[in-house]
Amino acid sequence: MNPKLIGYAALFVGIALLPALGAYPIFVMKVLCYALFACAFNLLVGFTGLLSFGHAAFLGTAAYVCGHALKVWGLPTPVGLVVGALAAAGVGLVFGLLAIRRSGIYFSMITLALAQMLYFFFLQAPFTGGEDGLQSVPRGSFLGLDLSSDLTLYYVVLGIFIAAFWLIYRIVHSPFGQVLTSIRENEARATSLGYDTAHFKLLAFVLSAGLAGLAGATKTLTLGFATLTDAIWTTSGLVILMTLVGGMGTLVGPMVGALVIIALENKIGDAGKWLADTTGVAWFNGLGESVSLVTGLIFIVCVLAFRRGLVGEAMALWDKRRPAAAR
Amino acid sequence: MTELFGIPLPALLGQLLLGLVNGSFYAMLSLGLAVIFGMLNIINFAHGALYMMGAFLAWMGMDLLGLNYWVMLGLAPLLVGALGIVIERTMLQWLYKLDHLYGLLLTFGITLVIEGVFRSFYGVSGQPYSVPEQLQGATNLGFMILPNYRAWVVVASLVVCLAVWALIEKTSLGAKLRAGTENPKLVQAFGINVPAMVTLTYAGGVALAAFAGVLAAPILQVSALMGSNLIIVVFAVVVIGGMGSILGSIVTGLGLGIIEGLTKVFYPEASNTVVFVVMAIVLLVRPAGLFGKEK
Amino acid sequence: QVSGDVIKIGIITDLSGLYADIDGQGGVEAIKMAIADMKGMAAGKKIEFLFADHQNKADVASAKAREWMDTQGLDLLIGGTNSGANIAMAKVAAEKKRVFISIGAASARLTNEDCTPYTVHYAYDTVALANGTGNAVVKSGGKSWYFLTADYAFGHSLQADTTAVVQKAGGKIVGSVKHPLSASDFSSFLLQAQGSGAQILGLANAGGDTINSIKAANEFGITKTMKLAGLLMFINDVHSLGLKATEGMYLTDGWYWNQNAESRAWSRRFFDKMKRMPSMLQAADYSSVTHYLKAVEATKTDDADKVLAKMKATKVNDFFAKNGEIGPDGRHRYDMYLMQVKSPKESTEPWDYYKVVQTIPAAEAYTKLADSKCPIVKK
Amino acid sequence: MSDIILETSDLTKEFKGFTAVDAVNLRVQRGHIHALLGPNGAGKTTCFNLLTKFLTPTRGRIVFAGHDITGETSAQIARRGVIRSFQISAVFPHLTVLENVRIGLQRFTGTSFHFWKGLTGLKTLDAKVLALLELVDLRDMAQLKAADLPYGRKRALEIATTMAMEPQLMLLDEPTQGMGHEDVDRVTALIKRVAEGRTVLMVEHNMKVVASIADRITVLARGAVLAEGDYATVSKHPAVLEAYMGTEATELQGAH
Amino acid sequence: MATPALEIHNLHAWYGESHILHGINLSVQPGQVVTLLGRNGAGRTTTLRAILGLTGARKGSIKIHGEEAIGLPTHRIAQLGIGYCPEERGIFASLTAEENLRLPPPLKSRRGKVMSEAEIYAMFPNLAERRHSPGTRLSGGEQQMLAVARILRTGADILLLDEISEGLAPVIVQALARMIRALKAQGFTIVMVEQNFRFAAPLADHFVVIEHGEVVLSFPAAELAAHQAQLDELLSV
Ligand SMILES: Nc1ncnc2c1ncn2[C@@H]1O[C@H](COP(=O)(O)OP(=O)(O)OP(=O)(O)O)[C@@H](O)[C@H]1O
Ligand SMILES: Nc1ncnc2c1ncn2[C@@H]1O[C@H](COP(=O)(O)OP(=O)(O)OP(=O)(O)O)[C@@H](O)[C@H]1O
Ligand SMILES: [Mg+2]
Ligand SMILES: [Mg+2]
């Protein structure tokens, strides 16, 4: 078997064991949702070179649609998730049709503009509950499993994540993925070989949107609500950061990035307190209110020193050492 | 009374004029952004934070040193420009050859740090700063009463915008700057001190932001977060105008101010969103923005 | 019986964003003061304290709340600012059966549609603000109103609540304009308001938006023809605008540091730590935690149901509230005050900004129990 | 005479008032190696871009194998069997040499949109790819990244990829530019070999190459056709001598 | 003997970790035309780039009109009187042809002749016609002309020309040959890298053959016949 696959399998078994090792399941689930979001985003940017600045629109759409489907329509949980993801893919199709022929920064900007318009819609539409959000979405049950237990939900979410990750892996290593790579490397050449590059990019865009939607729907299920935060542009920025911090164009990078960023958001206060307690420097206590400051410093360091992202840098190090050893 | 779409004409004129005032802010800020992007190939996300710093410096000058508005209007851009030199020398200079993304990310990080520092010292609710004495009061234009200070803002920013435009489009300095972004080594091989030029360009661009910040201090809340709302709009202006196009950012800035002003009358809820609608339409029709050159 | 042999209190609030000044670090400090004043003990057990920044994201808030309850055995959760975050936290607390006291949320939903047996809404809400300012202003002659409203749920409910109050008091609404959150400039909206010919401009917005509206209103001379009524203003907003810009404005507040000797004494202690005077929310942080701890002390347990029953049975009597009562819907009903901002001449010291014009009795300030949309209230 | 595979009529491209290609009527006969010559800036590359729709003609019609392709997209034209190379080498740098060629072949399998399939299906193409690589002496380098190839080998790889598409008409833009002598000779021989059974339209400055393999030559100058004919005719054409080859043409040819 | 215009002693240069130049020695007298010959990848371009400090690390000595240049930043080296025409032409896309032409500022040490724009356009009429189009919209050949043209008006007296005849039509190549003769007559010092030996042969005063980053042969034009055999062996397969 492929050693890479063994690696992934080990990784997922590790994640499956986390709750038993004392990790807090809801936190890990949240990381998984964002990790999936980042992986979906990375599918687009890392493998087609299209940098979307509007991916929150897909996360948000699916979050609201899934939440509404479960809470108001009372659909079964799996159906709600699928409906959410499909809605996101549909929005992705519309965005894609409009944006796909633009390139570089203009592509980013048009996706941003469309996402902002959708955000405005969410803000105005009554079913989203404005800034208070769509609250108390029921978890229901998944194929007979009662999801009210955090642990059950944990394994369902992990299952969804693994399935989605497998799909992404498949896409990257498929005939379609090959064409995508060639488009990223040299679009004119790919065209001259007879590929309608716009169609390929569109499909990649829709797939990425759908998977981002799946992440959003799963997140709604996990946390029990959807809010405007899911759809706002800073969330689109967040996923870019996750991908970059972890390593763009690597499969595992976005997962690591999501972990780092979410942990930063949730745990920095605790870290500060721990530092203050162990070092006796009271200043660290203030770290909790300086999340953005610390995040800012991390980005600066990342850009200046770890440009390929954590995973990207690690892989580069590995590559550098291996041939030396082989020689 | 003459009406247009149910709004009395004079009132509409008044709204247009107000739109122009806001537009001149957009123009000046997006101008700095466009200069920096055009010359350094960096999307300077920190522009909003440096604008905020300009406003804050004005307040600090008043509060700590008793320096008045006019002194700070000159001093704040210099100080922020100096900070710009430090930022460029220590960080940005390593990024020119990379994808735009990295510049964006780094300057985003810088934004978070600057805002974080100001917030932890001064909180978020803002500092009082009043209109300088010479410009207090308002002038009755017949169709509306225009505060003198707003009139001054329009004049000052238009003059600055035109001066910068002329400097870049009409002098050989501009040509050197543009060439420098494409192939700095070669330009340097022609005997031009590119690194110094680039540093000064960045300093100049952010000084413009600080200038706008001082202009804004008397009319907007001087607070640590005042730049973060603006940056994305200004950024959109630059894109609509055509990335790096100086003229484009000036014209779009003013135009957008007016469109936004009209939106505030006809569909006020959407006045923060209209910029994105305009951006989407423009990019669909003209892929490289209004004044951008297609590749 | 105290779970885990320790009383755990946590606050989740905005420590870094838009609302960080009105609660934020100051709120954290206020709770520390409350704990210190109990000598760090209640019912013979140690009190521990946690705080976290929700960055105005409901998901961060609820995830943190859930985590604290699951892994730290949190007994009392204090919700700082941001209604969305508070509603999300309230759901978690109800699910986990822990006491949740919301301090900074404006939304009256917390004790209506979204009420739970475990939620206490301790400070103001939009209904109280509307009742206070709306009534008082109409009574003092401000009959015709125009609203400048933030296009957000809290803005809408503030406007709706105020409208009801104004109309009931015999005033009328001439018009309104909704502006997006964090609008770039308010002059255009203000001009529209001025064109309406209304006497009163009701500012149904908050924070930076309110500040920028007032700045522009002064600049355009609108304050000469209309009176401004800030529907959701905190002392920090007045501080950042300066008295010159705000002089004469009416606003409703649940508490003012300079209202009496007791509040002054506490506030001076707070000032020594934070270098600014406390807002209503920060005082409420102290008061609510103290009220909770006293109930624990009295019941000798940290069991949420028992403590809550005790809290609801005991009146709040301290420097923050007199004869305050927590109803079955979770609403803490206490007297609110209509304030008027002093002129620079009247102000005798820094932060001396308000004069109390009128006391709005608890019974009138809030949604009447009979009108509550809270399903757990037996009618 | 009868078998014209490509015919343009009145083909014109204007850039903001500047006419880069001016009413060109080009007729390429099936089976020929047809060379497009002309001074720098004559519009040769632009012509290629028009033929493959990388640029949209301002005026004129393009007929390929009896079909009017003027309105089709680049990809459609490519699928008709018109495959081009680029003046500046165009490979997929981070793919291996093998993958570079396979990308082309993959199109025929009809699986290119199959994102749910693995790569095993494509492995069946490898034998064919290796045979093609053999032809251009790249077989040993099949597993190298294209970026790591020397320049001349990259051009060879490009030709191999083009050939993999079984084109009816190959458009080669300066295939020998920037190569050393050995590579030039190799590539010339290669073109001659692959041209059997198909048609080649090529731009080339190296007169030695042109003289040795071109069946027919069209000379462009300032966007318009200046002369047409075989090498002997064209090289003596006075206008061509003046505009392109210059008076020292005989001295310079073969100097490369 | 006068101070050489350019004197290189034991020059080493690296691109990253790869060591490309292994001790080049070269001396060019004012007014001389020197041609660097060699196979593809021998290091001729690198030599020119190393003079200007455009490579990675470098070591040794480069004296320009007697002044040591090895430690100077690129723009200071250029100011000593160097005009560089790179192999890849280096035309700026965001500048029009005319702006490209006007880009290099007059050097401080203006030893060489300063050509006026009119003279330049007379020499390259194509450029006059296309002066307002963006630089990279010019055809390959036009770009090459522009790249040469723009260093003729700065007052640089040492011209480093990298494969200027590459990809050009024969007429243009002939025009370039005439131009180089004219420049030489006007006293310019020229270092050319050429693949096209026929082009270079009649122009050069001195030939230098580089192989694997070292000078393997160096002789004046007068001895060309004597070295022909050796040359053939070094340059062809
Ligand atoms: N940027 C670079 N990074 C690493 N190696 C390089 C770089 N540029 C050139 N080289 C290597 O340096 C060596 C010398 O290259 P150089 O360009 O000087 O050769 P040349 O003699 O000018 O040949 P050519 O005919 O190809 O122009 C070659 O082996 C080349 O691969
Ligand atoms: N996109 C464009 N916009 C404007 N002008 C262009 C564009 N593309 C090419 N041109 C101009 O059209 C003319 C023809 O260019 P083209 O590249 O076709 O020449 P060429 O014959 O291939 O020359 P070379 O042999 O030098 O490559 C040139 O003058 C060039 O400047
Ligand atoms: Mg060409
Ligand atoms: Mg070379």
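Yes/no per residue for (1) more than 14 Å from chain B (Cβ to nearest Cβ); (2) surrounded by 22 or more Cβ atoms within 10 Å (Cβ to Cβ):
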{"position": "A:Leu202", "(1), (2)": "yes, no"}
{"position": "A:Ser208", "(1), (2)": "yes, yes"}
{"position": "A:Leu221", "(1), (2)": "yes, yes"}
{"position": "A:Leu238", "(1), (2)": "no, yes"}
{"position": "A:Gly246", "(1), (2)": "no, yes"}
{"position": "A:Gly257", "(1), (2)": "no, yes"}
{"position": "A:Lys273", "(1), (2)": "yes, no"}
{"position": "A:Ser290", "(1), (2)": "no, yes"}
Condition broken by C:Thr119, with the remaining ones in (1) open to solvent by less than 10 Å² (accessible area, probe 1.4 Å); (2) in contact with a Ser or Thr (Cβ under 6 Å, 6 or more places away or on another chain) satisfied:
(2)
Can you confirm whether B:Ala58 is buried (at least 17 other Cβ atoms within 10 Å of the Cβ) and assigned to a helix (DSSP H, G or I)?
yes
Counting only strands (runs of 3 or more DSSP E) wholly inside segment E:1-97, the ones holding at least 3 residues that are over 21 Å from E:Arg111 (Cβ atoms) are E:6-15, E:18-28, E:33-37, E:58-64
Report yes if D:Thr52 is farther than 29 Å from D:Leu144 by Cβ, within 16 Å of ligand 3 (Cβ to nearest atom), of a type outside the set (Asp, Glu) and open to solvent by less than 40 Å² (accessible area, probe 1.4 Å), otherwise no.
no
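Yes/no per residue for (1) part of a helix (DSSP H, G or I); (2) within 14 Å of chain A (Cβ to nearest Cβ); (3) free of Cβ contacts under 8 Å to residues at least 24 places away in the same chain:
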residue: B:Leu73; (1), (2), (3): yes, no, no
residue: B:Ala76; (1), (2), (3): yes, no, no
residue: B:Leu83; (1), (2), (3): yes, no, no
residue: B:Glu88; (1), (2), (3): yes, yes, no
residue: B:Tyr96; (1), (2), (3): no, yes, no
residue: B:Gly103; (1), (2), (3): yes, yes, no
What number of residues in segment D:58-81 are outside any helix (DSSP H, G or I), of a type in the set (A, V, I, L, M) and open to solvent by less than 10 Å² (accessible area, probe 1.4 Å)?
2
Of the conditions (1) among the β-branched types (Val, Ile, Thr); (2) away from ligand 1 (no atom under 12 Å from the Cβ); (3) farther than 28 Å from B:Ala196 by Cβ, E:Ile20 satisfies every one except a single condition; which number is it?
(2)
Residue check for A:Val94: more than 14 Å from chain B (Cβ to nearest Cβ) and among the aliphatic types (A, V, I, L, M):
no
Got at least one residue in segment D:18-35 being surrounded by fewer than 19 Cβ atoms within 10 Å (Cβ to Cβ), without any contact (Cβ under 8 Å) to a residue 60 or more places away in the chain and either away from ligand 1 (no atom under 16 Å from the Cβ) or under 25 Å from D:His205 (Cα atoms) (or both)?
yes
Residues being within 11 Å of ligand 2 (Cβ to nearest atom) and modelled with pLDDT of 85 or more - total across segment E:93-126
1
Quick check: is even one residue across segment E:171-193 over 21 Å from E:Gln32 (Cα atoms), touching a Gly at 6+ places or on another chain (Cβ under 7 Å) and either within 16 Å of ligand 4 (Cβ to nearest atom) or open to solvent by 50 Å² or more (accessible area, probe 1.4 Å) (or both)?
no
Could you say which residue among C:Ser213, C:Ser188 is in a helix (DSSP H, G or I), hydroxyl-bearing (Ser, Thr, Tyr) and closer than 19 Å to B:Tyr129 by Cα?
C:Ser213
From the set of residues in segment E:31-83 that are under 21 Å from E:Val215 (Cα atoms) and hydroxyl-bearing (Ser, Thr, Tyr), which is farthest from ligand 2 (Cβ to nearest atom)?
E:Ser61
Considering only segment E:194-205, how many residues are at pLDDT 85 or above and buried (at least 21 other Cβ atoms within 10 Å of the Cβ)?
1
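A quick yes/no check of all residues on (1) within 11 Å of another protein chain (Cβ to nearest Cβ); (2) open to solvent by less than 10 Å² (accessible area, probe 1.4 Å); (3) among the aliphatic types (A, V, I, L, M); (4) in a helix (DSSP H, G or I):
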| residue | (1), (2), (3), (4) |
| --- | --- |
| D:His94 | yes, no, no, no |
| D:Arg107 | yes, no, no, yes |
| D:Lys117 | yes, no, no, no |
| D:Leu133 | no, yes, yes, yes |
| D:Gln143 | no, no, no, no |
If you go through segment E:28-44 one residue at a time, how many are surrounded by 23 or more Cβ atoms within 10 Å (Cβ to Cβ), within 12 Å of ligand 4 (Cβ to nearest atom) and not small (Gly, Ala, Ser)?
3
Filter segment E:82-95 down to the residues that are more than 9 Å from every other protein chain (Cβ to nearest Cβ) and away from ligand 3 (no atom under 16 Å from the Cβ), then identify the one that is least open to solvent (accessible area, probe 1.4 Å).
E:Cys85
Members of segment E:114-167 that are over 19 Å from D:Ala20 (Cα atoms), surrounded by fewer than 17 Cβ atoms within 10 Å (Cβ to Cβ) and in contact with an Asp or Glu (Cβ under 9 Å, 6 or more places away or on another chain):
E:Glu117
Since E:Met115 meets every condition but one in (1) within 16 Å of ligand 3 (Cβ to nearest atom); (2) on the phi < 0 side of the Ramachandran plot, which condition does it not meet?
(1)
Where E:Ala13 falls short, out of the listed (1) within 13 Å of another protein chain (Cβ to nearest Cβ); (2) in contact with a helix residue (DSSP H, G or I) (Cβ under 6 Å, 6 or more places away or on another chain); (3) within 16 Å of ligand 1 (Cβ to nearest atom):
(1)
Strands (runs of 3 or more DSSP E) enclosed by segment C:1-91 - at least 3 residues per element that are open to solvent by 10 Å² or more (accessible area, probe 1.4 Å) and more than 9 Å from chain A (Cβ to nearest Cβ)
C:45-53
Can you tell me which residue in segment B:112-143 is farthest from C:Gln55 (Cα to Cα), limited to those that are of a type in the set (Ser, Thr, Tyr) and more than 7 Å from chain A (Cβ to nearest Cβ)?
B:Thr139
Can you spot a residue in segment B:214-235 that is of a type in the set (A, V, I, L, M), part of a helix (DSSP H, G or I) and more than 30 Å from C:Asp209 (Cβ to Cβ)?
no
Within segment C:249-275, the residues that are open to solvent by 20 Å² or more (accessible area, probe 1.4 Å) and among the small types (Gly, Ala, Ser) are C:Ala261, C:Ala265
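Quick grid of which residues meet (1) open to solvent by less than 10 Å² (accessible area, probe 1.4 Å); (2) at pLDDT 90 or above; (3) within 22 Å of the chain's Cα centre (by Cα):
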{"site": "B:Thr2", "(1), (2), (3)": "no, no, no"}
{"site": "B:Phe5", "(1), (2), (3)": "no, no, no"}
{"site": "B:Pro8", "(1), (2), (3)": "no, no, no"}
{"site": "B:Phe45", "(1), (2), (3)": "no, no, yes"}
{"site": "B:Val86", "(1), (2), (3)": "no, yes, yes"}
Residue selected from segment D:198-228 under the condition of a type outside the set (A, V, I, L, M, F, W, C) and closer than 18 Å to D:Ile4 by Cβ, by the criterion nearest to ligand 3 (Cβ to nearest atom)
D:Thr218
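The values are calculated or read from the model by the stated rules, or taken from the named source; none is laboratory data. Since we're looking at a predicted model, the values are computed, not measured. Here Cβ is always computed from backbone atoms with ideal geometry, including for glycine, and neighbour counts include all displayed protein chains. Quick note on the areas: whole protein, heavy atoms, side chains included, nothing else; ligands and nucleic acids left out. Shrake-Rupley method; radii C 1.70, N 1.55, O 1.52, S 1.80 Å.
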